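Following: one structure in structure tokens, then a few remarks.
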Amino acid sequence: MQVRTGRSAFQVFVLAAALSLPVAACGIGAGPVDRAAPPGPATPTPAQATPAEKLAAAAAKTNQGAVTVIMRAPGVVSDTRLDPTAKKATMSIRIEGPGEEVVRADLIQIDTDVYLRMPDLPGAARKWMHGRLSELPTGSPLHLLRGDDHSGAADLADCVVSATRKGGHDFVGMMDLTRSRTLDRSVLDDLGPLARAVPFSARTSIGGHLFEISLDVPSVQPEHGRITYEYSRSEGVDVERPAPADVTELPRSLADSFEV
């Protein structure tokens, strides 16, 4: 992933926002749970579960409660904290470009209100820009809290087509990224048929939660970098609405730019 100046930097930010979580509307919240633990006498014991089922179950556990997701890619780091019970979430993104160029963005969601700030982007308001979820385009990555897969882990687990357990809590395998309902379409278009067979590695915690998923994109497309998601439990999200004096309205033209 490369960062350029001017308008390209803005486009990279949009891409990073879309990649940072695949949180948006994965629509498979209950699926992994059902695969890992179907009802009735045929329910497999943990020893009988396949590696793919174990990863699906770990993703489902990761979505139980507040969670922090760190996404790392070449030149891009995002930190997203989500508490669906309190209806609070935050995201911060930092993109490093050529030389000392840096593009940052911060996002707050409280209930149905969204606040966006991009202090380094030329022409963007330095105040918090306020929008309402009902006014954002469908599929906008500015929606941080969506459905049962707020961490985005289930969306990635649903992409697993083969998996092997490597050691106690380590897994390796292959993903079909075209199954994802959240990854930016431009990324999938760029990978083309290669998106159907992307190697990955994953680790789970002793408690059975997902700890890390790493997509080995360079093995199929050398000009792209590895994308890694790190998950950790959280006690909640400590954030409040910005002071009214620091808030302006989110321009509709800017909101529309985040549609993916």
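The values are calculated or read from the model by the stated rules, or taken from the named source; none is laboratory data. Keep in mind that this is a model prediction, so the values were computed, not measured. Methodologically, a virtual Cβ is constructed for each residue, glycine included, from the backbone with ideal geometry; neighbour enumeration extends over all protein chains shown.
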### Message
I'm checking my understanding of the structure. Among residues of the stretch 195-215 that are at pLDDT below 95 and surrounded by fewer than 17 Cβ atoms within 10 Å (Cβ to Cβ), which one is farthest from His169 (Cα to Cα)?
### Response
Gly207
### Task
Looking only at the stretch 219-231, decide whether some residue is free of Cβ contacts under 8 Å to residues at least 24 places away in the same chain and under 17 Å from the mean Cα position of the chain (by Cα).
no
### Task
Among the candidates Thr43, Thr68, Thr50, single out the residue that is at pLDDT 85 or above, more than 19 Å from the chain's Cα centre (by Cα) and of a type in the set (Val, Ile, Thr).
Thr50
### Query
If the Cβ limit is 6 Å and pairs must be 6+ apart or interchain, which residue in the stretch 93-106 that is touching a residue at least 24 places away in the same chain (Cβ under 8 Å) pairs with which residue that is among the acidic types (Asp, Glu)?
Val103/Asp120
### Query
Can we say Leu156 is among the aliphatic types (A, V, I, L, M) and closer than 16 Å to Glu53 by Cα?
yes
### Query
Considering the stretch 154-207 alone, what residues qualify as being among the aliphatic types (A, V, I, L, M), touching a residue at least 12 places away in the same chain (Cβ under 8 Å) and part of a helix (DSSP H, G or I)?
Ala154, Leu156, Ala157, Leu177, Val187, Leu191, Leu194, Ala195
#### Entry: Residue in the stretch 232-252 that is modelled with the lowest pLDDT, counting only those that are among the charged types (D, E, K, R) and part of a loop (DSSP other than H, G, I, E, B)
Glu235
### Task
Identify the residue in the stretch 66-92 that is assigned to a strand (DSSP E or B) and of a type in the set (D, E, K, R) and, among all such residues, is farthest from Ile213 (Cα to Cα).
Lys88
